[in-house]
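A quick write-up on the structure given underneath.
The values are calculated or read from the model by the stated rules, or taken from the named source; none is laboratory data. Note that the coordinates shown come from a computational prediction; the quantities given were computed from them, not determined experimentally. Please note: Cβ atoms are built from the backbone with ideal geometry, for glycine as well, and neighbour counts cover all protein chains shown.
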Amino acid sequence: MMIFKRILLLVGFCAVPLVVRAWNPAFPLADPGSDPTIDYSKYGSFKGIGTFDYQYTIISQEGLARASGEGIDPNLSVKRDPGYARLEKEGRLKGDIWSHINSGDPQADFFVWATAPKLDPGLRLFFTARALEEGGHYIHALKAYRAAMVLHPNTYVWNRKKTWTWLIGPAAWNSIINLTRLHPELGLKLDGALIRIQTTIGGDPTKNKVAVTPGKFVPYSAQQRNEARRDVSLLPVVERRGAKVSCVKYDNGQWGLQVEGKPFFIRGMTYTPTKVGRDYNWNWMEADENKNGKNDVAYETWVDANRNGTHDPDEPAVGDFKLLQEMGCNAIRVLDNLPLNIELLREMHQDYGIYVMLMNPIGAYTINSGASWDKGTDYRDPEQCKSMLAALRATVERCKDEPWLLCYILGNENNMTADYSGVNATRTNASVYPEAYARFLNEAARMIHQIDPNHPAGIGNMGLGLADVYGKFAPEIDFIGVNAYPAMGGFGSLWFEAHTTFDRPVVVTEFGCDAYWTGKGPDETTQANYIRHCWEDIAYNSAGEPGVGNSIGGVVFEWADEWWKDTTGDSLNRQNREPTIEAAFPDGWSQEEWLGITSQGDGTSSPFLRELRVAYGMLKELWNRKPLPFPANKGNAGEQPEKPGLVK
C-alpha cells in the first residue's frame, strides 16, 4: 500500500558564466570538461518532466562527454589520465571497492569508482562525486552528482544487510545542496526544481517511483547570500501558535520561535546520562550514588582534563548543568517516561537558563498504550488511545505552569517504517495506518492546546516520513521535530521538503555522530566536523538567513556516552567497539555507545567523570558566537507594528 509521498525541491540544468577560483584540490584532473555547469538540454531530450515517467535521453554523446570531463558519463577518458597509470603501478587502486570511500586517498578513490566495472552507473557516479568532493574538485563533483541525478535518479542501493535501500537521485541532490552551501566561493546554487518520491512499506525497490523536474544552476555569490539575510524581528507576524512560547510565522513566509515575545533559537542537547552498569531505566534526575544529598550529574560531575581517569585536586566538581550553560546550551530534551524531578528542573532553569523540551512517547515502545510488545501500539484501538491521552493529560496538567517548560514533543520516531510483521522498530503501527496515527496526533495536540495554550506541541518524527499525512489530518501540530542523521555535509533537502509538505517550523530533535571510526579507533575530530556542518546547516535555514527559513534550532544527540546500547555480551559494563548499525556517518557505521560529546572514560568513575570531546569545544565556540549584523537597509520594510495574526 502506498502510504506516503515525499516532495523535494530539486535543482538541475543550465550553464552560467563562472569564474573558478583556486581551492587547491588534492590532485590534478587531465580532463576537467569544457563546461563547469552543464545545460543538459543542449545534448539530449527530456520526457515526462515532473512526472513519474521522467526520462532523459542523450542525443549528442560526444558533446555531453566533452562538456562533462573525465569520470562523468558519458565521458570515458579517465583511464587516459596520466595519474591513473601511475596509481595503478603503485598499487593504490587495489582492494575492495567499498574500501575506497573516505579512504584518505581521494585520487585513488576517484579512479577506482570512475572505472568500476559491473556497477549501476548511478551508484558509480555518486561515489565518483564523493571522491572528487573529498579531493577538493568541487565543480567537478557538482557535475558528477548532477549527472547521477539527471541521468539515473531511479537507481536504488541496498545496504550491507539487504534490509533497506536508498535512492541515488535524492542523495545526489542533497549533496549538491550541501556542497554549494558549504562553499560560497563557488558562486552557485541550484534553483527551481522538484523531486517527488513514492515508496512502499516492505515493497519491491524496483517499483519505487521518482519524478524529476530539472531546474538550473544560477549565480549566487557570497555577497548575494549575505544580502539575502533579513532581521525578522522587524517583520510583522501573521500567525502565532502558542502564547508564552510561540511558533511565529512572519509575513515573508518564514517561521521562528519566540519566548515571551523575544526570538529564541534552540541550542539543544539530548540529555539522558546513565551510570555505567545501568540501562535507560536509571533516572538521572534522582541520582545520588554517594548519598550526600546532591544530584550526581547536575552538580557533581568533574572534567578529567588530563584524561588519566583520576579525580585530581585541580579538577573540581562543576556539574553538567554548568558545563551545558558554559557551552551555550539553552534547552535539553527529556523523555517523561521516568519520574520528573520538578524541583531539580526548576533549579536548572532558574540558575542556568536551560529550558526543557518535554517528550511524551504516545505509545512508542508500547509506553502508556497497554499494547503487547509483539503487536505494538495500535492507533485504531479506542482503549489504547484513551490510555495514552490520559497519561499525556497528566503530564501536561503537572507541567504546564512550570517556568522551565519550552514545548511538548509527541512521540519519538513512532513513524518508522514497519517490518513485514507490521510493527516498526518503536513498536507501533503508525507507518501501517498513517491516517489513524495522524488523527490521534491531532487529538493529542488539541488536548494540549486546551489545557495549556502557552506552549506549542510538535511531533517527534524519524525524518519527514508521513509529513504530508500530518498536513492533511493533524493541523493542530505546531512544529515538526525531526530526528535526522544525514551525510557529512548537512541535511540537504530536509528544509525544502518540510516546507512543501507541511508548512510548519522545523526543529532537528536529534542529530549527531559517533566519536569512533570503525577499524581505526576513537575519532573525535570527525565527530566534531560532522556536528559542525549539521549545526551550520540548521542555522543557515533559520528565519532571516539565506536558506528556507523554517528552522527553529537543533538538538545534539547526545551529551554523554551510554554504555547499555550494545545488546551482546557484558554490554552494561564495557563500551562496545564493534559497529552497531549502518549509518550515513563518515565510516558508514554508527557506534551507538560512542555518540556522546562527553565520554565517561573507562567507566570506573561513572557517573561523575566527564572527558570533554572536541565537539564540546566546537559547539561552545559556535553557540557563544555573536551574530553577524544584518545588511544595512536590506529587507526591513516590515518595520511596522505586529499584525494580530492567528493565536493557537
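Restricting 347, 315 to residues that are acidic (Asp, Glu), closer than 22 Å to residue 403 by Cα and free of Cβ contacts under 8 Å to residues at least 60 places away in the same chain narrows the list to 347.
Among the residues of segment 337-372, which ones are assigned to a loop (DSSP other than H, G, I, E, B) and over 18 Å from residue 428 (Cα atoms)? So that I can check it myself, show each step before the final result.
Step one: filter segment 337-372 for residues assigned to a loop (DSSP other than H, G, I, E, B), giving 337-341, 353-354, 361-363, 367-372.
Answer for segment 337-372, where residues must be assigned to a loop (DSSP other than H, G, I, E, B) and over 18 Å from residue 428 (Cα atoms): 338, 339, 340, 341, 353, 354.
Summed over segment 260-303, the residues that are farther than 15 Å from residue 317 by Cβ and among the polar types (S, T, N, Q) give a count of 5. Annotation: of all residues in segment 494-540 being among the basic types (Lys, Arg) and either touching a strand residue (DSSP E or B) at 6+ places or on another chain (Cβ under 6 Å) or in a loop (DSSP other than H, G, I, E, B) (or both), the one that is farthest from residue 579 (Cα to Cα) is 504. Within segment 246-273, the set of residues being over 24 Å from the mean Cα position of the chain (by Cα) and either surrounded by 23 or more Cβ atoms within 10 Å (Cβ to Cβ) or in contact (Cβ under 8 Å) with a residue 60 or more places away in the chain (or both) comprises 250, 251, 252, 259. Would you check if residue 95 is part of a helix (DSSP H, G or I), over 29 Å from the mean Cα position of the chain (by Cα) and in the same structural domain as residue 30 (by TED's automatic domain parsing)? So residue 95 does not fit the description; no.
What do you reckon, is residue 330 buried (at least 19 other Cβ atoms within 10 Å of the Cβ), farther than 25 Å from residue 281 by Cβ and of a type outside the set (Ser, Thr, Tyr)? Spell out the reasoning first.
On the way: buried (at least 19 other Cβ atoms within 10 Å of the Cβ): yes; farther than 25 Å from residue 281 by Cβ: yes; of a type outside the set (Ser, Thr, Tyr): yes.
It is true that residue 330 is buried (at least 19 other Cβ atoms within 10 Å of the Cβ), farther than 25 Å from residue 281 by Cβ and of a type outside the set (Ser, Thr, Tyr).
Screening 375, 386 for residues that are in a loop (DSSP other than H, G, I, E, B), without any contact (Cβ under 8 Å) to a residue 60 or more places away in the chain and not small (Gly, Ala, Ser) leaves exactly one candidate, 375. Listed conditions (1) part of a loop (DSSP other than H, G, I, E, B); (2) touching a residue at least 60 places away in the same chain (Cβ under 8 Å) are all met by residue 409, apart from (1).
Take the conditions hydrophobic (A, V, I, L, M, F, W, C) and touching a residue at least 12 places away in the same chain (Cβ under 8 Å) and apply them to residue 76. Does it pass? Write out each step before concluding.
On the way: hydrophobic (A, V, I, L, M, F, W, C): yes; touching a residue at least 12 places away in the same chain (Cβ under 8 Å): no.
For residue 76, the condition - hydrophobic (A, V, I, L, M, F, W, C) and touching a residue at least 12 places away in the same chain (Cβ under 8 Å) - is not met.
Annotation: residue 275 fulfils all but one of (1) over 28 Å from residue 561 (Cα atoms); (2) out of contact with any Cys (no Cβ under 9 Å at 6 or more places or on another chain); (3) charged (D, E, K, R); the unmet one is (1).
Annotation note: of 144, 211, 172, the sole residue that is at pLDDT below 90, surrounded by 21 or more Cβ atoms within 10 Å (Cβ to Cβ) and not in a loop (DSSP other than H, G, I, E, B) is 211.
Just to be sure before I move on: is residue 54 touching a Leu at 6+ places or on another chain (Cβ under 9 Å), buried (at least 18 other Cβ atoms within 10 Å of the Cβ) and in the same structural domain as residue 119 (by TED's automatic domain parsing) in the structure I sent? Criteria not met by residue 54. When every residue of segment 315-325 is checked against the conditions, none turns out to be assigned to a loop (DSSP other than H, G, I, E, B), under 24 Å from residue 534 (Cβ atoms) and under 23 Å from the mean Cα position of the chain (by Cα).
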